[in-house]
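This report refers to the structure that appears directly beneath it.
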Amino acid sequence: MNALTKTFKYVYIGRITLRNQLAYVVDFLVRSLFLLLILYIFLQLWRTTYAGEGTATIAGYSFRQLMWYLVVTESMTLACPSLCTKLEEEVKSGDVAIKLVRPIHFIAFHYTEYMSEVAIRFTVNSVLGGMLGLAVLGPPEHAIGFLWLPVVAFAGFTLNFMLGMTIALSAFWVEETRGLEFVYNKFLFTVGGMLMPIELFPEALQHVVRWLPLQGVVYAPAKTAVAFDSVDVPSLLLMQAGWIVVFGLIAAAVYLRGVKKLNVNGG
Amino acid sequence: MSDYAMPGKSKRLLWFVWACWKSNLLGAMEFRLSFLLMAGTMLINDVVWIIFWGLYFRRFPVVNGWELQDVMMLWAVSAGGVGLMSTLFGNSSRIAGLVVSGQLDVYLSQPKPVLLHVLISRMSISAIGDVAFSLLVYGFYGDRSLIGLAKFGLALALATLIFIFFTVVVNCLAFWLGGTDGLSAQLFNALVTFTTYPTGIFRGAGKLLLFTVVPAGFISYLPIGLLRDADPLFMLGVVGVVGVLTVGGIWLFYTGLKRYTSGNMMGLRR
């Protein structure tokens, strides 16, 4: 009974966040224009590249597959809210004191808020990106992969949350954390496979990247969606789950240490 | 006789600009760690794009005539131009917000040219990272001869002017349309984004857009049209665009200023 009540608390937090976010759907739509701009530029870049190469596939990706890959990675990346901005403001303004005395787990509360916000943003981005993709490229070659996308993307967003929360919790010590998040995001863009699939990297770099948690954030979901026949979904999900557990534990440990050190400024 | 009609006004104006830049920098240096972090993270941001292009050109050495060195110089010119704009004329992208919130009053009450005063009264610290990045890339990939340096300096100056006055033009929409800061920011972002990709990848309507509505092509083609081989026709086009944007931007600002309505916000400039 107690566990059920606890679960309901987080369901309600999620519903409230969803309602708050739904009030700004038009705002998201306007901001998502940037997604269309980026996709348009990549469309031009890769069209020229494929024409220059004169081959139907590059590193196993056809032009259409590669563009749908970028639709997924860009839609996911632009859907992630900044955890560092949120926690930094909470610590600086003293709001964190109110969060800490509530009968809810601090990390679980932020996770629920984060995933609710992501749900709206990713839906808006997917609709816009999908419309552009359908209009310019036509339907994806392996539609079945897109049926698995919500599952693998859910794990990808959860892993991104755990990684982001580990960084954001350093606000308990240093207050200014956005620079660290900025650098993390840049790693996600490059070695994380957001800007191009890992298969296009030099071989030595590919070996290194396969051992990093970043591949589970946007590369795994995008690859599943566009190249379903060449991925082993259970292995991918297992890899994502493993990294989620590892970084979940690290985030919990950082939180437990940080909360003891925290000096609240205001309130 | 007004202050500006007096002899030596240009010299005094230059001293005023210099004093503004100096005080902006001193203000930024007050929080040294924060200053270094912000400029450093911007530098890292730019380096990431260099990594992307490095990986790309390792796989595809030539794309429509563009090579790695051209794209590196494209980034040096683009990041340098936008960096110089945001460092020395940091209020360019905030004019729409200042107009809507009635914060131009403080500039109107002072005996200095309003547009110049608005532009130089803010410095973006993170943009210093862009300038540092630009110089580093030039050092590694640019032509370091005297002519090469002069060409790079000219490219930077032209790119900076296009960035400043395109931003002024789109921000001046606020005088007529009201709260356009979102739209102005989107147009500015579009210009910056387009300037960081080789013009060779665009065709048809996209290419036309780059040399008209969003004049990013006049910046992103500089590595080919000026730095690699000076193309007189292209350079004539760039100078023409800079002239039109500069004159148009100044004219739009002062025409719009006649429609400006003061706010009741108290402001202070020392």
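Could you list, in sequence order, the residues of region A:114-152 that are free of Cβ contacts under 8 Å to residues at least 40 places away in the same chain, of a type outside the set (A, V, I, L, M, F, W, C) and more than 22 Å from A:Phe28 (Cα to Cα)?
Selection gives A:Pro139 alone.
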How many residues of region A:197-243 are loosely packed, with under 14 Cβ neighbours inside 10 Å and in contact (Cβ under 8 Å) with a residue 60 or more places away in the chain? The answer is 2
Counting only helices (runs of 4 or more DSSP H) wholly inside region B:98-156, the ones holding at least 1 residues that are at pLDDT below 90 are B:105-108, B:126-141
The residue from A:Gly138, A:Gly130 that alone is over 22 Å from A:Lys6 (Cα atoms) and under 23 Å from the mean Cα position of the chain (by Cα) is A:Gly130
Scanning region B:242-270 for residues that are of a type in the set (Ser, Thr, Tyr) and at pLDDT 95 or above, the one surrounded by the most Cβ atoms within 10 Å (Cβ to Cβ) turns out to be B:Thr246
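Do you know which residues across region B:144-178 are exposed (fewer than 13 other Cβ atoms within 10 Å of the Cβ) and in contact (Cβ under 8 Å) with a residue 12 or more places away in the chain?
B:Trp176, B:Gly178
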Considering residues that are more than 7 Å from every other protein chain (Cβ to nearest Cβ), hydrophobic (A, V, I, L, M, F, W, C) and under 20 Å from the mean Cα position of the chain (by Cα), the number found within region A:26-37 is 4
All-but-one check, A:Lys99 against (1) without any contact (Cβ under 8 Å) to a residue 40 or more places away in the chain; (2) assigned to a helix (DSSP H, G or I); (3) within 14 Å of chain B (Cβ to nearest Cβ), failing number (3)
When A:Cys80 is run through (1) part of a helix (DSSP H, G or I); (2) at pLDDT 90 or above, the failure sits at (1)
Matching residues in region B:55-79 (within 10 Å of chain A (Cβ to nearest Cβ) and assigned to a helix (DSSP H, G or I)) number 4
The number of residues in region B:45-66 that are free of Cβ contacts under 8 Å to residues at least 40 places away in the same chain and in contact with a Phe, Trp or Tyr (Cβ under 7 Å, 6 or more places away or on another chain) is 2
Report whether or not B:Ile224 is closer than 28 Å to B:Gln69 by Cβ, outside any loop (DSSP other than H, G, I, E, B), under 17 Å from the mean Cα position of the chain (by Cα) and not charged (D, E, K, R).
-> no
Note: among A:Gly266, A:Gly193, A:Gly156, just one is outside any helix (DSSP H, G or I) and either of a type in the set (Ser, Thr, Tyr) or at pLDDT 90 or above (or both), namely A:Gly193
Being more than 23 Å from A:Val127 (Cβ to Cβ), among the aromatic types (Phe, Trp, Tyr), within 14 Å of another protein chain (Cβ to nearest Cβ) and surrounded by 14 or more Cβ atoms within 10 Å (Cβ to Cβ): is that true of A:Tyr61 here? yes
Is at least one residue of region B:32-54 in a helix (DSSP H, G or I), under 23 Å from the mean Cα position of the chain (by Cα) and more than 14 Å from chain A (Cβ to nearest Cβ)?
no
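The values are calculated or read from the model by the stated rules, or taken from the named source; none is laboratory data. As the structure is a computational prediction, the values presented were derived from the model and not from experiment. Because the Cβ atoms are built from the backbone with ideal geometry, glycine has one as well, and the counts that use them run over all protein chains shown.
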